[in-house]
Each structure stands twice: as structure tokens, then as C-alpha cells.
Amino acid sequence: MADVVSLGCRLNLSESEAMRSMLAAEPDLIVINSCAVTSEAVRQTRQAIRRARRDRPAARLIVTGCAAEIDRARIGAMPEVDGLLANAAKLDPRAWNVAPIAALPSQERHTRAFVAIQNGCDHACTFCVIPQGRGAARSMPVGQILRAIDTHLDGGVQEVVLTGVDLTSWGCDLAGQPGLGQAVEAILRAFPTLARLRLSSLDGVEIDPLLFELLTTEARIMPHVHLSLQHGDDLMLKRMKRRHLRCDAAGLVERLKARRPDVAIGADLIAGFPTEDEAAHHANLTIIAELDVVHGHVFPYSPRPGTPAARMPQVDGAFIRHRAAALRAQVAVQRRLWLDALVGQPQQVLAERDGTGHAQNFARVQLPPQTPAGTIVTLTPTRVIEGLLA
Ligand code: SF4
């Protein structure tokens, strides 16, 4: 079986799963499914390439993914690399010269399945290179989504995670321009036995009314909304070319929690965006408590090639690191308050293979010994230990 090394986002994860299955009969092959969202991601990609070559000196090493698109010259020039493959071609058996396969990957390794229903992006956030790497926004038609989920459910998966680059733009290129809410509704209707449906990162202002209704009323949709928030300061949001202001995000969370009080909020936040001063950083810090962000992904800003933000006055690296640490510390405080409040409340936990599991709100939970992976168990935590409910 080919070695497929996956870096970056959940979309890459689901594509790597598909490549693993498609390339099952290719023993002397290493595939690096790379990421270029930050300069750190590119550094990790180069590190993964060197490590893979060291481990398997004789194998054919192909790099695909966003770093192979965006940093083509430098990645291609690495002596360890035998070839590059475009993002758009990586799931095409012809590109690998292998026979097309019918079934999707077996899921014995996973209890949750990532289903990539959307790809690419039509927005132009000033810090982001993803549109360069992934191309224009495009959606998987509903029929194809249902077939993909059907195969995963046949494999015994208990939870499906819908993922994409700009998930809320799903449908924009399909006839009648359906909203993401319609895709979710079709999935819930087609699979009455699907226990758990989770959505990955959402652009808050693009959540359509049907999706909002389903998110706040449908028990099988996990009470966990991860927002592509990026910053808490309006001037920074404008300079990022985001489509929302602080009040929009705050209003959305208020409406979500009014309809579904147990919903857990996650958010992506960038530290040290160009021209960010102390006041803007403070606004970034305070939005964590205001929106009750308990799942926070903090990205230290790094200039990406060809982006408008890379041409703006940059914040000093030491300030970026310091502010990123402050944001992470604030998220940790918010998260601890949330976990403490969950003690004594029964949780529906999907057991993973490492002795822990995920509750519906994505809290991590310590499992009793011998809990079979892939089962859903009800546990009432009595304490918090190292960030886990136990
Ligand atoms: S919405 Fe913005 S941040 Fe997200 S992928 Fe598109 S351009 Fe990048």
C-alpha cells in the first residue's frame, strides 16, 4: 500500500483517505499531501518530504496538495522529490495510472468519516493563498454526497464530518444554487440511522436560514459550530476582506445559543495580522470570552506569496508570537470554564482508539478501559484532568 502522508486541513485528510485506497496496489510509492496555509505549514511539508525519503530511499515520492501548487518551484527542486501532482488531479486514477476503484476506503481505522463535499474558494481574503492552491469554488452534487456517506456508513462509521475549503458556499455552482442547509437536510432525510453529523469550519455570515434552523433544532447535528472568524477587530476584518464584522459574529452566536444553549463555539483566529496594533489585539483577545470560544485555532500570521496582506506593513515577529500565545492562553481559560461546567452532565461520547472519545460538543473525554472504539457511550464526567473530561 502506498504511504500517503497528510498535512493540513480536514479536506486533505479525506482526500488522503481516498488516495490510500486508490493506490493500495502501489507498494513503492510515497505521496505527500501537502499544505501551504502558513509558512510553518510549508516548513512542515518540506520536513515530511525529507523524513519520508530518509525512511524509504528507493520509493517513488510524489508531492501533491497546496504546497505543490503554490510553492511549485521550491518543492519541485528538492532532490528528494520525484514528481509533483496538481490538487485537481490527485483523486483521478488516470493521473496515477491506476485502475479506477469502486468502493471508498474501508473505515476500520476511523470511527468518524470526513466527507469533502466542497472544494476551492471564490473569495479573496487578503492573507490567504488557498484559492491559488485549490481553484474556484465547486460543490459535490447531492447524489454523490449520499453515495459517499452510504459507503462510509456501510463501513460502520458512527459520525460523518462534512468538510470543504469554504463549506458554506456549497451549492453556489449547482443548478438552482441550493444552500448548504439543503445538502444537510437531504443527508438527514436519506440516512435516518446516521447518529452524528458534524460540520467543519463555517463562514458565519453565509449560514443560510435552513442550515440555521437545522443547526439549532436537529439533535443529530452536533452542537458544535466552528466559525472562520479570523479576528475580533473590525478594521482588521476589513483589511482582511472578510465578509463580517464583530457584531455579526456576536449576534450569530447569541442567536445560536438562544436556540441551542449547549452549542459549543469554535473559531479560527489570526494573531499579528499586518497593521494590528495593541488595541486591535485587545479586541481579538476579548472576542474569545464574548463569543465563548472553547475550541480555538490560533494562527500566527505569516506573509503568503502573492497575497495583498504580504505587501502591507508587517507586525514584528516577536509581537506575533507573543500575541498568539496570549490568544491561546485566553482560549484555554474559556475552555476550562466550559469543561468545569460540563462536570456532572451526561455526555454522549463516540469512542476513538486511543482510550478517549469525543462528546457531541467536541469535548474530549477519557473513556473507561476496554470501551470498544466506534461505539457511542453515555458518560457522566466527575472531573477535568489535563483538558479531558473524566
Ligand atoms: S474564505 Fe478566505 S480564508 Fe477561506 S479559503 Fe477563501 S480566501 Fe481563504
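Restricting the stretch 341-390 to trypsin sites (Lys or Arg not before Pro) that sit in a DSSP loop and have at most 15 other Cβ atoms within 10 Å of their own Cβ leaves ARG353, ARG383. The share of accessible area on the stretch 99-251 that comes from carbon and sulfur is 56 percent, using a 1.4 angstrom probe. For the chain, which DSSP H helices look membrane-span-like by this rule: Cα extent along the axis of 27 Å or more and mean Kyte-Doolittle of at least 0.0? In the chain, the long hydrophobic H runs are 317-342. When a/c reaches 1.5 or more, the comparison of a/b and b/c decides; with that in mind, is the stretch 347-389 rounded, prolate or oblate per its Cα gyration tensor? The shape class here is prolate.
Is the C-alpha gyration tensor of the chain telling us rounded, prolate or oblate? Criteria: a/c under 1.5 is rounded; beyond that, a/b larger than b/c is prolate, otherwise oblate. Cα axes put the chain in the rounded bin. By accessible area, using a 1.4 Å probe on protein heavy atoms only, the stretch 3-96 has 52% of its surface on carbon and sulfur. Couplings 3J(HN,Hα) for the stretch 351-361, derived from phi with the Karplus relation 6.51 cos²θ - 1.76 cosθ + 1.60 (θ = phi - 60°), are 6, 9, 8, 9, x, 10, x, 10, 6, 4, 7 Hz, where x marks Gly and Pro. Note on the chain: with charges restricted to the Cβ of Lys and Arg (+1) and Asp and Glu (-1), its dipole about the Cα centre is near 600 debye. Cross-link reach is defined here as a Cα-Cα straight distance under 20 Å, omitting same-chain residues fewer than 8 places apart; for LYS241 the aspartates and glutamates meeting it are ASP122, ASP166, ASP203, GLU206, ASP233, ASP268, GLU276, ASP277. Structural descriptor for the stretch 110-337: relative contact order 17 percent, calculated from alpha carbon pairs under 8 angstrom and at least 6 residues apart.
Between the amide H of GLU159 and those of ALA113, distances stay under 5 Å, these residues lying 5 or more places away or on another chain, with hydrogens modeled in the peptide plane. A Förster distance of 30 Å, applied to the separation of the beta-carbon atoms of VAL333 and GLN44, puts the FRET efficiency at 0.60.
Using the Cα gyration tensor of the stretch 110-337, with a ≥ b ≥ c the square roots of its eigenvalues, what is the shape: rounded (a/c below 1.5), prolate (a/b larger than b/c) or oblate (neither)? Since a/c reaches 1.5 and a/b is larger than b/c, the shape of the stretch 110-337 is classed as prolate.
Counting protein heavy atoms only, the stretch 347-389 has 52 percent of its accessible area on carbon and sulfur, 1.4 angstrom probe.
Across the options ILE32, LEU11, ALA89, the greatest Cα extent toward the positive end of the charge dipole of the stretch 1-153 (unit charges at beta carbon of Lys, Arg, Asp, Glu) belongs to ILE32. Legend: residues GLU254, GLU213, sorted from most to least accessible area (1.4 Å probe; ligands, DNA and RNA excluded), read GLU254, GLU213.
The phi-based Karplus calculation (6.51 cos²θ - 1.76 cosθ + 1.60; θ = phi - 60°) puts the 3J(HN,Hα) values of the stretch 372-383 at x, 5, x, 9, 9, 10, 9, 10, 10, x, 10, 6 Hz, whole numbers, x for Gly and Pro.
Along the charge dipole of the stretch 260-354, which of GLN347, THR275, ILE265 sits closest to the positive end, that is, farthest toward it, with unit charges on the beta carbon of Lys, Arg, Asp and Glu (+1, +1, -1, -1)? Sorting the options by dipole projection puts first THR275. Residues whose amide H lies under 5 Å from that of VAL4, counting only those 5 or more places away or on a different chain, are VAL31; hydrogens are built 1.01 Å from N in the peptide plane.
A viscosity of 0.692 mPa s and a temperature of 37 °C, combined with the Kirkwood radius over C-alpha pairs in the Stokes-Einstein formula, give the stretch 207-258 a diffusion coefficient of 269 µm²/s.
Hydrodynamic analysis of the stretch 302-356 uses the Kirkwood radius over alpha carbon pairs. Inserted into Stokes-Einstein at 37 °C and 0.692 mPa s, it gives a translational diffusion coefficient of 215 µm²/s. Annotation: amide H-H contacts under 5 Å for ALA264 (H modelled 1.01 Å from N, sequence separation of 5 or more, or interchain): HIS224, VAL225.
Heavy-atom accessible surface of the stretch 347-389, averaged per residue, reaches 49 Å², computed with a 1.4 Å probe.
Per residue, the stretch 110-337 exposes 40 Å² of solvent-accessible protein surface, assessed with a 1.4 angstrom probe and all protein chains in place.
Taking Cβ separations below 4.7 Å as the criterion for a possible disulfide partner, the isolated cysteines in the chain are CYS9, CYS35, CYS66, CYS121, CYS172, CYS247. Taking the Cα centre of the stretch 110-337 as reference, the dipole from Cβ charges on Lys and Arg (+1) and Asp and Glu (-1) amounts to some 360 debye.
The values are calculated or read from the model by the stated rules, or taken from the named source; none is laboratory data. The structure presented is a predicted model; accordingly, all values stated were derived computationally and were not measured. Don't worry about glycine lacking a Cβ; one is built from the backbone with ideal geometry, like all the others, and counts go over all protein chains shown. For accessibility, only protein heavy atoms count, side chains too; no ligands or nucleic acids. Shrake-Rupley method; radii C 1.70, N 1.55, O 1.52, S 1.80 Å.
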